[in-house]
Amino acid sequence: MSPRFVLTKLLRALLTLALAVTFVFVVLRMSGDPVTQMLPDDAPASVREQYREMWGLDRPLPEQYLRYVAGLARGDFGFSFRDDRPALDVVLERVPLTLELGLSALALTLGLGLGAGILAALRRGSTVDHATMAFTILGHSMPNFFLGILLILWLAMTWRILPSSGVGTWQHLVMPTVTLGTSYAATVARFTRSSLLEVLHQPYMRTAKAKGVPFGRTILRHALPNAGIPIATVVGLRIGALIGGAVVVETVFAWPGVGQLLVSSVAYRDLAVVQTVVLLIAFTMVVVNFLVDITYGWLDPRIGAGRREARA
Amino acid sequence: MSVQAASTARAGGRMPRFLARRPPVVVALCSLWLVLALVLALGADRIAPFGYADQSLLQRLKPPAFLGGDPSHLLGTDGLGRDVLSRLIYATRASLLIAFCGTLIGSAIGTLLGFLAAHLRGWVEEAVMLMVDFQASMPFLIIALAILAFFGNSFELFLVVVGFYGWEVYARLTRSLVLQANAQGYAFAIRTLGVHPLRIYARHVLPNILSVLIVQVTLNFPELILLETSLSFLGLGVQPPQTSLGLMLGEGRNYIATAWWMAIPAGIAIFLTTLSVSLLGDWLRDRLDPTLQAAKD
């Protein structure tokens with residue numbers, strides 16, 4: 001991988017992050033005068049002026065913007081009025097639970113999605129293939145909140161084998177993971193199947209077979225690495241959908257993670273917390289995209305070797 | 001891709017043939033459901049047996065007629081004694097309407113920006129593509145939630161926010177298709193005749209790339225329904241007493257142990273609608289995409 005490739009990707013990541021910060025700043029300033037929202041309606045004009053001066057709201061916009069960015073760099077993400085604590089603390093203490101849910105959903109996705117996709121491609125036209133295709137279509141159309149409610153209705157209310165909400169034991173993790181991972185696994189399974197099918201008919205697969213390479217080895221060493229790029233792309237692209245899905249799934253199962261915090265903060269208009277969550281997610285997405293780009297270069301050395309990237 | 005653009009020029013000639021071919025049963029069923037949903041949505045005021053906000057506290061939480069409930073409430077009633085079937089019909093109307101408007105807004109903005117980027121090139125193109133990359137890298141649900149938090153919720157704002165969903169896909173697609181079209185003989189020939197660019201794009205390029213954009217609409221529409229229903233489910237989209245399929249599911253969630261019929265019909269309606277549009281879109285894609293057609297022939 002050439003340093004130039006990594007550097008270009010890094011620059012792009014920083015640019016995306018800067019855009020996210022700018023977006024939040026613009027929306028924040030457009031949404032109204034914070035002083036009017038914070039102070040009672042009958043506050044005298046002199047007090048308003050004093051507050052404006054204190055928070056630097058009387059300065060020109062570019063200066064406010066720079067101060068805002070500098071504040072973020074120092075870790076100053078504003079104050080949550082609902083919790084009466086710095087917003088960053090409120091958000092960060094929710095992160096581990098969301099990570100737990102997200103990573104277990106990702107594991108389910110990769111296990112189920114890759115497994116079903118590979119089986120379907122190798123046994124094309126078989127029952128497994130048809131079942132996988134049906135799963136990909138149904139899983140893609142199923143709203144995750146509806147799936148969650150159905151699971152609660154059956155597994156928690158009717159059969160009473162799993163707790164319907166909350167955290168604590170591994171049983172609590174089962175239904176949210178299945179709910180969050182299903183549609184994601186469906187997408188991964190479909191892409192794995194189609195990209196593997198494309199690769200299986202390549203001349204190098206025939207060559208490998210002809211020279212007596214065992215079947216399992218042809219798949220693992222020849223087919224999968226070549227089919228890996230589209231799969232890595234769709235996994236990376238859908239991380240955003242996974243985060244969006246987590247917001248809904250956490251609310252359905254009363255899972256006290258970042259997503260549930262975001263929804264309740266939006267309802268209460270606790271803007272400091274909202275902006276912190278948005279920036280945190282932007283940062284996560286930038287890191288994930290960067291890692292996916294680097295993975296390309298690793299999966300396919302031709303991409304990282306300084307060839308100019310073509311935009312499709 | 002250039003092969004694709006080249007042969008889309010002929011796609012117009014294929015249309016009658018694909019219409020003459022008999023569609024598979026699944027596709028027919030999907031169309032049937034969508035037509036039914038559309039008729040219910042358009043004729044909601046005439047078809048719905050009750051108003052969507054008509055409350056009757058004496059009739060609270062009645063089970064559906066087929067489970068021994070009141071025969072005048074086919075799907076039972078909710079926690080305020082409102083008729084679930086009527087609410088389902090009005091909710092279908094709201095969800096379809098929002099998804100439809102959203103598709104119009106998003107595809108119009110995206111296509112326009114794609115044309116602008118491809119025509120002007122230079123820094124305009126760079127700026128558009130930068131915005132496209134940014135949008136593609138942020139989960140849309142999060143941006144929508146942030147905007148609703150900062151500006152407060154209103155139906156108009158909600159419609160605009162939902163409308164922006166997917167614009168980046170249209171912009172990216174249109175830009176690359178127009179760039180390919182511009183490089184082709186027919187566009188060059190008309191340009192040398194001195195025809196105004198606007199006329200070239202509207203009369204010659206757009207019809208040629210339209211089939212690809214229509215396929216994108218069938219991919220975009222189910223996602224929009226899921227976005228709207230998700231936001232309404234969270235209580236941050238359509239606000240009561242208005243109703244939408246997501247909101248019905250969200251309200252029914254609190255009664256799931258005692259009155260499952262409040263939530264389940266709305267969920268089934270969402271599922272069937274997104275499934276139908278997806279399957280119909282798959283089928284259309286096979287017919288409209290000439291590269292797949294060529295592979296089959």
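Only helices (runs of 4 or more DSSP H) whose full extent lies in segment B:127-201 are considered here, and the ones with at least 1 residues that are without any contact (Cβ under 8 Å) to a residue 24 or more places away in the chain and open to solvent by less than 50 Å² (accessible area, probe 1.4 Å) are B:140-151, B:155-163, B:185-192. Applying the condition of being part of a helix (DSSP H, G or I) and surrounded by 23 or more Cβ atoms within 10 Å (Cβ to Cβ) to segment A:261-271 and asking which residue is farthest from the other protein chains (Cβ to nearest Cβ) yields A:LEU261.
Just for segment A:37-80: of the residues that are among the hydrophobic types (A, V, I, L, M, F, W, C), within 19 Å of A:ASP270 (Cα to Cα) and in a loop (DSSP other than H, G, I, E, B), which one is farthest from the chain's Cα centre (by Cα)?
Pass one, segment A:37-80, residues among the hydrophobic types (A, V, I, L, M, F, W, C): A:38-39, A:43, A:45, A:47, A:54-55, A:57, A:61, A:66, A:69-70, A:72-73, A:77, A:79.
Still in the list and also within 19 Å of A:ASP270 (Cα to Cα): A:38-39, A:55, A:72, A:77, A:79.
Next, from what is left, pick out any that are in a loop (DSSP other than H, G, I, E, B): A:39, A:55, A:77.
On the way: A:LEU39: 37, A:TRP55: 34, A:PHE77: 21 Å.
Going through the qualifying residues, I end up with A:LEU39.
In segment B:252-269, what residues are aliphatic (A, V, I, L, M) and surrounded by fewer than 17 Cβ atoms within 10 Å (Cβ to Cβ)? Walk me through it before giving the result.
Taking segment B:252-269 first, the residues aliphatic (A, V, I, L, M) are B:256-257, B:259, B:262-264, B:266, B:268-269.
Within segment B:252-269, B:ALA257, B:ILE268 qualify.
Determine, yes or no, whether B:SER137 is within 9 Å of chain A (Cβ to nearest Cβ) and at pLDDT below 90. Even if it seems obvious, please write down each step before you answer.
On the way: within 9 Å of chain A (Cβ to nearest Cβ): yes; at pLDDT below 90: yes.
Yes; evaluated as a whole, the condition is true for this residue.
State yes or no: is A:ALA116 under 12 Å from A:VAL188 (Cα atoms) and touching a residue at least 60 places away in the same chain (Cβ under 8 Å)?
Working: under 12 Å from A:VAL188 (Cα atoms): yes; touching a residue at least 60 places away in the same chain (Cβ under 8 Å): yes.
In short, yes.
So is B:ALA257 within 30 Å of A:LEU262 (Cβ to Cβ), of a type outside the set (Lys, Arg) and part of a loop (DSSP other than H, G, I, E, B) or not? So B:ALA257 fits the description; yes.
When restricted to residues that are in a helix (DSSP H, G or I), within 14 Å of chain B (Cβ to nearest Cβ) and farther than 22 Å from A:GLY257 by Cβ, segment A:135-192 contains 14. Going by what's in this entry, would A:LEU97 be described as exposed (fewer than 15 other Cβ atoms within 10 Å of the Cβ), assigned to a helix (DSSP H, G or I) and either of a type outside the set (Lys, Arg) or at pLDDT 85 or above (or both)? So A:LEU97 fails the test. Entry remark, segment B:216-251: residues being in contact (Cβ under 8 Å) with a residue 24 or more places away in the chain, under 24 Å from A:GLY259 (Cβ atoms), more than 8 Å from chain A (Cβ to nearest Cβ) and surrounded by fewer than 23 Cβ atoms within 10 Å (Cβ to Cβ) number 3 in total.
The values are calculated or read from the model by the stated rules, or taken from the named source; none is laboratory data. None of the values given here were measured: they were computed from a predicted structure. For neighbour counting, all protein chains shown are included, and Cβ atoms are generated from backbone atoms with ideal geometry for every residue, glycine included. For the accessible areas, the whole protein counts, side chains as well, though only heavy atoms, and no ligand, DNA or RNA atoms are used. Shrake-Rupley method; radii C 1.70, N 1.55, O 1.52, S 1.80 Å.
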